[in-house]
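These notes concern the structure reproduced below.
The values are calculated or read from the model by the stated rules, or taken from the named source; none is laboratory data. The model shown is predicted, which means the values in this text are computed figures rather than measured ones. Positions of Cβ are backbone-derived with ideal geometry, glycine not excepted, and every protein chain shown enters the neighbour counts. To get the accessible areas, we keep the full protein, side chains included, count just its heavy atoms, and leave off ligands, DNA and RNA. Shrake-Rupley method; radii C 1.70, N 1.55, O 1.52, S 1.80 Å.
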Amino acid sequence: MNLMSKFKLSFLILFLAVFSCDKKADDIIEEVSLSPEIVAYEPDFIDENYLFLIENGGTSSYLINKQGDRLWTWDFDDNLGNDVELLENGQLLGIFKDDNRPFTLGGGSGIIKLFETNGSLKWQYTIADDNFLAHHDVEMLPNGNILVIVWERITVDQAQQAGIITNVDIFPEKLIEINPNNDQIVWEWRSWDRLVQDIDTNLPNFGEVSNYPEKIDFNYNTNTSGGDIMHANGIDYDTDKDVIHMSVNFYNEIWVIDHSTTTLQAESNLGGNYNKGGDLIYRYGNPAAYKNTEGNTIFNNNHYPNLLEGNVEGQGNMLIYVNNHGNLTQSIVYELELPEVFKLLPNVNNEPNIVWSFTNSDMYAPKFSGAVRLSNGNTLICEGDYGYWEVTQSGEVVWKYEGNSTNFWRGYSYDKNSPALSNLNL
């Protein structure tokens, strides 16, 4: 072969190699084509499982992949009242707004619904009358019962006679557990039973608030114009310890409640696995809420107490979204190391350790929001009035989804092989 022939052959091989490389590059670009909502995408560092996005107060929720494609949409007849969750068996549990609810507070709902895997309604329960209103969050317990947050009306006369400073009816929190097989309430806990006040020495619930960290000072939040003095907005159940973590937004705290009690024990300060009845067995985020002289306040309006369970980074820790971080117009997500044994003592530092946090000057949502830990150790953050962030343990932003003026309540992550998705034939 002469020199010219060798040159032509080399050129042909180079041309084919370049063409082949370009073709492969085009295929890759086409394979990871991104929807307009995706504004950050680092494929080598993201968790590739699916996300379940919840539009706050909307009539639909949907499953997406990390390229932003909608894989499945669930449409509802009623507006969400906030939370809805896809269960491991493929059923859907949510809380919805009752248009006829007799009183309205932010996050008020009223109707709990459970849907079959084919979308048909399996069960419905309404808590919406003059004195009680279900709101914000609902959870399926391992025994198949439904746990829900409820506002309970306390009249202005009842409140004032108990030493509470108010000129309107108030709506403190209660928790109820419903058996969906017979619609019976099988357990309840009332914050009203935990009252301590330091206003009137003649009343039986009088005491120095700081000496009773297991009780609740109903006078902590003096803004009672609408009567919503606590505004709980999220619950998470700890299966191992049989306790409930409840986010209480206006107290800037999470309260830990013993679920192992009977309803009668929950009215008292005896009984249950912790032998404290319905008293708070732990609380954290804001020691000022019970006039504690020790510990730092780290919460300022908080949402979604998410206990890290299963085989994930930080198992046993708590993720919480704090809407207002200090005096900055931005939010922060904390990962907290909870004590192995709950202790709540007067005038000592009862606060958990901060093991991880993420904040960013561009991340701010005054309402809603939350965070979940992903299977690869990253954290998915729902910034309620923007969309979603995925960040690494080192704080690198590897994925962002912009909702284009949509408000989001939360987001959940589902493994592609999760039984919850098996009926969708994705």
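Overview of values
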{"read-out": "Computed label-point distance, nm, for sites W123 and T239 using a 7 Å Cα→Cβ extension", "value": "1.7"}
{"read-out": "Listed residue pairs exceeding 21 Å between alpha carbons, taken from K97/K215; K241/K343; K97/K367; K367/K416; K367/K400", "value": "K97/K215; K367/K416"}
{"read-out": "Within-15-Å neighbourhood charge of L328 [Cβ basis; K, R +1; D, E -1]", "value": "-2"}
{"read-out": "Accessible-area value, F206, 1.4 Å probe, nucleic acids and ligands omitted, Å²", "value": "80"}
{"read-out": "Considering only the chain, percent of DSSP beta bridges that pair antiparallel, nearest 5", "value": "95"}
{"read-out": "Residue with peak Gaussian network fluctuation, the chain [Cα springs, cutoff 10 Å], from E116, E152, E85", "value": "E116"}
{"read-out": "Simple Cβ-charge dipole of the chain, Lys/Arg +1 and Asp/Glu -1, about Cα centre, in debye nearest 20", "value": "700"}
{"read-out": "Three-way shape call for segment 293-358 based on the alpha-carbon gyration tensor, with the a/c threshold at 1.5", "value": "oblate"}
{"read-out": "Gaussian network model of the chain, springs between alpha carbon atoms under 10 Å - residue of N181, N317, N249 with greatest fluctuation", "value": "N181"}
{"read-out": "Rounded tilt (10° steps) of 3-31 against the dominant C-alpha axis of the chain", "value": "20"}
{"read-out": "Length released on extending from L426 to T293, taking residue separation times 0.36 nm less the Cα-Cα span", "value": "42.4 nm"}
{"read-out": "Bins of 5 Å, starting at 0 and running to the largest distance - Cα pair percent for segment 210-269", "value": "4, 16, 20, 23, 22, 11, 3, 1"}
{"read-out": "Charged-residue dipole, Cβ positions (Lys, Arg, Asp, Glu), segment 265-412 about Cα centre, Debye nearest 20", "value": "340"}
{"read-out": "Whole-Hz couplings from phi, Karplus 6.51/-1.76/1.60, listed for segment 330-342; x for Gly and Pro", "value": "7, 10, 9, 10, 10, 10, 10, 8, 7, x, 5, 10, 6"}
{"read-out": "Prolate/oblate/rounded call for segment 240-315, Cα gyration tensor, a/c under 1.5 rounded", "value": "oblate"}
{"read-out": "Residue with peak Gaussian network fluctuation, the chain [Cα springs, cutoff 10 Å], from K367, K97, K122", "value": "K122"}
{"read-out": "Hz values of 3J(HN,Hα) by residue in segment 315-323 - Karplus curve (6.51, -1.76, 1.60), Gly and Pro given as x", "value": "3, x, 7, 10, 9, 8, 9, 9, 5"}
{"read-out": "Set of aspartates and glutamates with alpha-carbon distance to K276 below 12 Å, sequence-local pairs under 8 removed", "value": "E214, D258, E267"}
{"read-out": "J(HN,Hα) series, segment 172-182, from Karplus relation 6.51 cos²θ - 1.76 cosθ + 1.60, nearest Hz, glycine and proline x", "value": "x, 8, 9, 10, 10, 10, 10, 8, x, 6, 9"}
{"read-out": "Rounded to the nearest 20 debye, dipole of segment 325-426 from Cβ charges on Lys, Arg, Asp, Glu", "value": "240"}
{"read-out": "Nonlocal amide H pairs with G81, under 5 Å, H built at 1.01 Å", "value": "I95, F96, K97"}
{"read-out": "Average Cα contact separation per residue, the chain, under 8 Å, 6 or more apart, as relative contact order %", "value": "13"}
{"read-out": "Neighbour net charge for T293 - beta-carbon separation under 14 angstrom, K R +1, D E -1", "value": "-2"}
{"read-out": "Mean residue ellipticity (222 nm) of the chain, computed from DSSP H runs ≥ 4 via -39,500 (n - 2.57), nearest 500", "value": "-3000 deg cm²/dmol"}
